[in-house]
Amino acid sequence: MRITRTLVLAAAGAVAFGGAALAEDTVTLGSAISLTGNYSTNGEHTQRGYDLAVEKINEAGGVKIGDKTYQIEVKYYDDESTPARGAELVERLVKQDGIELILGPYGSGLTKAVAPVTEELQVPMVEANGASRSLFTNGWKYIFATLSTSEQYLASAIDLAAENAEALGKKPDEIKVAVVVENDPFSADVRAGVVEDMEKYGMKLVIDDQFPRELNDMSATLTKIKALKPDVLIVSGHSKGATTAIRQLSEQKVSVPVVAMTHCDSADIIGNFGAASEYTLCATQWAPSLAYKDDLFGSAADYAKTFEAKYGYAPPYQAAESSAAVQVFADALERAGTTDKTAVRDALAATDMETFYGKIKFDETGKNIAKPMALYQVLDGEFKIVAPSAVAETKAVIPRPAMN
Amino acid sequence: MILIQAPVITVDLVLNGLLLGAIFALAAYGMALVWGVMSIINIAQGEFVMLGGYVAVMMYWGGIHPLLAVPVAALVMFIVGWALYRAVIFRIVDRDLFVSLLATFGLSILLQQLMNTAFSGNVQIAEAGLGTMFLFDGLVTLSQIKVVAFVLAIVVGGCMVVFLKRSRMGQAIRATAQNARAARVMGIDTDRVYAVTYGLNAALCGSCGALVAMAYSIHPYIGLPYTIRSFMIVVVAGLGNFAGVIVAGLGLGAAENLAGFILGAQYQLAFVFGLLVVVLVWRNWRLAAKRQYLK
Amino acid sequence: MSRLIGYAAILAIGIAAPYLFPNYQSQMAELWLFIVFALTWDLVGGQMGYNSFGNVVFIGVGMYTCAIVQVGLFYSVTDYNAAKGGGQTVFTFDVVQYLEGLAVGLPLAAVAAGIVAAILGSAVLGMRGHYFAICTLGLGVAAGQIANGWDWIGAGSGMVVPHAPSGLGETSRFYYYLAFVLAVLTFIVVSWLYSTRFGLAINAIRDDEDKAEAMGLPTTRIKVTAWVISALFLGVAGGLLGNLKRFIDPIEVAFAGASFGVWMVLMVILGGKGTLWGPVIGAIVFQLLKEFFWTYLLGWQRVALGLMIVLIVVFFPQGILGFLRERFPERFGHKVDPALARGAAGEAAK
């Protein structure tokens, strides 16, 4: 009982004096991201991306706002991968912690939950991991995304399949596609994009399965694939979806000429499955081999090196786009010359910069229109960019050779 | 439709389902045991599975073949279960079932976040490196690890039955289940019996988890589906019916896989949980005709 | 008299709170909704002895019904929820449309939840004890999974609740007062119910259902009625919660068994099961603790929550009010009616 009472008092105190005074000469950004729960793998990548950029900017002397330089700081909350909590925490960041510059959470679902809040409170949010197109169809003015929207993720895989239709022994409109996605906002959008692109070529959708978020077994769907023999298999389900798909495809010896999925790098399919992951096509927002660069990190490859030195693994694109989000904020703050939220918002809208992650320029809805998606293929145990052709390192191998 | 045209697909689905069901049955043994003996419904069942899975993953990282992890995970989890009994569970043995539901729910979210903190939320696997079996010209594929899991589940189930029938401890457990007070009067240390029972349950879940890590994948939040499926299997089989647990487990696995195929994977879990409700309502409805209800 | 002053003071605090703590309006609105959750849970769980883990079903049904009505009155729901695809359609609601949506949506949310409760209740309320508890747990998860697969309501993509127009003022204050009114209304109805024969009947079912039935009480009908009543309030609360959260995710918001579903039970146990004020006190304490954990124990909040759950149910099962009653019976105990006491004594002597 004593414990309970003390906690209650402490909690009451906490609520009453929640808004901590901020140290001078620091500008604080706020973010509620998934440190626990289903999205915590990618939530962690996001947080590390933010942290790395903040560290680098501070090392380089901070941001110059007006005639003073400020250090950047990020205040985090854990949204536990649940949208309800995300919305609540962002409101808390703004109202109770007095933070008026928000960095986005991880994932479309959470961003969807957070965006109405930032919109209503009129605080600018730069987000790096909410790719859903529906975020940009509401006429919202305070959301800015550094990434390409989700319908573009695997659309290029469909284009590739169409280009290589001959190799598959068919005309483009005879190609059969199986779409297997996790039942969550992000993957639903990926699916929408793929389906739209398929219609362009007149391809047939033969399997359209959505697996629940809790499921770690796809054997029923794979049996369907064995029966209907599609030419293209699209999988999207964050890291768990990629892991499950690669593992069970090889286990059940299901051979599909073109397999494309998202989150290959964050699931580390090459490290986990080796040969079984060969020839898989993977959507990515960014790759270390791209030729972008900036003054802070240097080239994309330099960023990868810096990240790996600090965290011990190669940066997945989720980290890169998050770092870029911090850079965008820093840039906008310098141009605005003030931390006032409206001025920063206007400066953000006028962003036009090149970073190690790619060019960043927002259209009136706030999405980044200056950077294309890329598509990797796993070839000889390495990710190689195969599309778009402008940046491709090599030509895609389609169809994938039969497994032995 | 396609199921009738191509019966071999049905075979494939059912076989894969049966293999999945055997793994569920393993966790369900433990639940039946704890429920029957201690009158506790252990919501943390799925979390024990998850912990066992992490034991296998750690051994795999350490370069040890994960199949060896099955007994190791069982042993580790036996200790964990024993410790949890001594720390918390012994306080709720004689209490309302509802208290046990909530208390073990508390344990389950605690374990989830602890494992999240320790291992991050990454999806982990332990690759056993076994191959795949082909039947019917490769139309039916069974990964060997699942077959191994299936055999192990049957063997462990058999061992449990023998253990409960023959050994001193097993007899003590059965006596306590029948009437704890009488057992105490006869000089059985029921507290120890409970501790062993709870430990055994955790051990069963642990070996189940090691198999899950090898055949599927694990992460800190996979627990709940295993808990619910265990519960469902026990409800269908009836308390204290070990053969029934195996049959119900296999049946559920097969039914679930078929449902996933027919209804689409998005309704696979809805099917499982809906089935739970239907089974309960149906059993209760039949009893109600006799002015009885499920106890 | 002192009691009246007490009530007046609570009402005054409730009305003034948004002006005193303007930054905490959303959390306080949520608190009022939690109080509704706890009060209605206790009606069935505490007073009638039917421990349900499935009351989230009614929250979810209410939330979706309200949102769908808000949209459906003016646009096609299919188009609205399909906007995630290619359509660049923008859906906006002016003040009149928004209020009209709410005015129709909230009552319909109650009705829909009530109907669902009546149907489900007649199926599962025949079960007793833990079978009922687990069955309702299954109901909650199944409902979430079905919503998660249903395209019309947005399936796994969830549904964005209509955005409040700017003419409405501050939405969190608007919803604070709606939630406050709902909580007060729920409290009044529930406390009135406990003073009627109906209250006695559900207590009789809790104490000994077989005897109650033998005495001629239509137990099934009473049980279903009680569940329907709690569902009516939960439906409205769900509709408000959806608007407060602004985004409906089928599993994590609408049918959130592992959070709202269990929390409401904990609030009641913490405050004191089977009492009128227990759920209210429990909800307040729980909300404070939760906010505290999430602010100061970042990354460990669920460990703390889990530990708290274990501690509460293992060491503190009688709850705050139960504890006070034991400690200070003359201040917090039941007002004993001599006539009833004689009957109770007879019961106890048996």
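The values are calculated or read from the model by the stated rules, or taken from the named source; none is laboratory data. All values reported here derive from a predicted model rather than from experimental measurement. Methodologically, a virtual Cβ is constructed for each residue, glycine included, from the backbone with ideal geometry; neighbour enumeration extends over all protein chains shown.
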Checking B:M160, B:M186 in turn, the sole residue that is away from chain A (no Cβ under 14 Å) and over 20 Å from B:A22 (Cβ atoms) turns out to be B:M186
Could you go through the stretch B:228-236 and let me know if any residue there is within 10 Å of another protein chain (Cβ to nearest Cβ), aromatic (F, W, Y) and outside any helix (DSSP H, G or I). no
Looking only at the stretch A:10-69, and only at residues there that are under 18 Å from C:Q301 (Cβ atoms) and not small (G, A, S), the one that is modelled with the lowest pLDDT: A:V15
From the list B:I79, B:I89, B:I64, pick out the single residue that is surrounded by 23 or more Cβ atoms within 10 Å (Cβ to Cβ) and of a type in the set (A, V, I, L, M, F, W, C). B:I89
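Rundown of residues vs (1) within 14 Å of chain A (Cβ to nearest Cβ); (2) within 30 Å of A:S132 (Cα to Cα); (3) at pLDDT 90 or above; (4) in contact with a Leu (Cβ under 7 Å, 6 or more places away or on another chain), yes/no style:
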{"residue": "C:L108", "(1), (2), (3), (4)": "no, no, yes, no"}
{"residue": "C:G114", "(1), (2), (3), (4)": "no, no, yes, yes"}
{"residue": "C:A142", "(1), (2), (3), (4)": "yes, yes, no, no"}
{"residue": "C:S157", "(1), (2), (3), (4)": "yes, yes, no, no"}
{"residue": "C:G167", "(1), (2), (3), (4)": "yes, yes, no, no"}
{"residue": "C:F174", "(1), (2), (3), (4)": "yes, yes, no, yes"}
{"residue": "C:L185", "(1), (2), (3), (4)": "no, no, yes, no"}
Mind checking which residues of the stretch B:261-278 are in a helix (DSSP H, G or I) and either facing chain C (nearest Cβ under 7 Å) or of a type outside the set (A, V, I, L, M, F, W, C) (or both)? B:Q266, B:Y267, B:Q268, B:L269, B:A270, B:F273, B:G274, B:L276, B:V277
In the set A:A220, A:A242, the lone residue that is on the phi < 0 side of the Ramachandran plot, buried (at least 24 other Cβ atoms within 10 Å of the Cβ) and at the interface with another protein chain (Cβ under 7 Å from one of its Cβ atoms) is A:A220
List the helices (runs of 4 or more DSSP H) inside the stretch A:153-258, counting only whole elements, that have at least 1 residues being farther than 30 Å from B:G129 by Cα and not β-branched (V, I, T). A:155-163, A:185-201
Flag if A:A161 is surrounded by fewer than 20 Cβ atoms within 10 Å (Cβ to Cβ) and farther than 19 Å from C:S157 by Cβ: no
Looking at (1) without any contact (Cβ under 8 Å) to a residue 40 or more places away in the chain; (2) surrounded by 14 or more Cβ atoms within 10 Å (Cβ to Cβ), which is the only condition B:G187 fails? (2)
Among the listed residues A:E251, A:E308, which satisfies the condition of being assigned by TED's automatic domain parsing to the domain that holds A:S34 and free of Cβ contacts under 8 Å to residues at least 12 places away in the same chain? A:E308
Going through (1) buried (at least 19 other Cβ atoms within 10 Å of the Cβ); (2) in a helix (DSSP H, G or I); (3) assigned by TED's automatic domain parsing to the domain that holds A:I57 one by one, A:I270 fails only at (3)
Sole miss for C:G101 among (1) over 23 Å from C:D210 (Cα atoms); (2) among the small types (G, A, S); (3) out of contact with any Cys (no Cβ under 9 Å at 6 or more places or on another chain); (4) more than 14 Å from chain A (Cβ to nearest Cβ) is condition (3)
Right, A:I246: closer than 12 Å to A:D217 by Cα, modelled with pLDDT of 85 or more and not polar (S, T, N, Q) or not? yes
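Here is a yes/no grid of residues against (1) away from chain C (no Cβ under 14 Å); (2) aromatic (F, W, Y); (3) within 29 Å of A:I360 (Cβ to Cβ); (4) touching a residue at least 24 places away in the same chain (Cβ under 8 Å):
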{"residue": "A:A178", "(1), (2), (3), (4)": "yes, no, no, yes"}
{"residue": "A:E182", "(1), (2), (3), (4)": "no, no, yes, yes"}
{"residue": "A:D189", "(1), (2), (3), (4)": "no, no, yes, yes"}
{"residue": "A:D209", "(1), (2), (3), (4)": "no, no, no, yes"}
Could you figure out which of (1) within 9 Å of chain B (Cβ to nearest Cβ); (2) crowded, with 24+ Cβ neighbours inside 10 Å isn't true of A:L233? (1)
Within the stretch B:244-258, identify whether any single residue is among the acidic types (D, E) and within 11 Å of another protein chain (Cβ to nearest Cβ), and answer yes or no. yes
Take the stretch A:113-146 and flag every residue that is among the hydrophobic types (A, V, I, L, M, F, W, C), modelled with pLDDT under 85 and assigned to a loop (DSSP other than H, G, I, E, B). A:A131, A:W140
Please tell me if B:N241 is touching a Phe, Trp or Tyr at 6+ places or on another chain (Cβ under 8 Å) and either touching a residue at least 12 places away in the same chain (Cβ under 8 Å) or farther than 22 Å from B:L107 by Cβ (or both). no
Would you mind listing the strands (runs of 3 or more DSSP E) fully within the stretch A:318-386 where at least 3 residues are assigned by TED's automatic domain parsing to the domain that holds A:D295 and surrounded by fewer than 21 Cβ atoms within 10 Å (Cβ to Cβ)? A:352-355
Report yes if some residue within the stretch B:71-86 is at pLDDT below 90, farther than 30 Å from B:V8 by Cβ and among the hydrophobic types (A, V, I, L, M, F, W, C); otherwise report no. no
Failed item, numbered, when B:K290 is tested on (1) more than 10 Å from chain A (Cβ to nearest Cβ); (2) assigned to a helix (DSSP H, G or I); (3) of a type in the set (D, E, K, R): (2)
How many residues does the stretch A:166-180 contain that are closer than 13 Å to A:P257 by Cβ and within 30 Å of the chain's Cα centre (by Cα)? 4
Filtered residue count, the stretch B:104-124, keeping only those that are within 19 Å of the chain's Cα centre (by Cα) and either under 18 Å from B:V37 (Cα atoms) or more than 7 Å from chain C (Cβ to nearest Cβ) (or both): 3
Could you say whether any residue in the stretch C:111-123 is within 24 Å of C:L244 (Cα to Cα) and polar (S, T, N, Q)? no
State whether one or more residues within the stretch C:64-78 are within 22 Å of C:L288 (Cβ to Cβ), free of Cβ contacts under 8 Å to residues at least 12 places away in the same chain and of a type in the set (S, T, Y). no
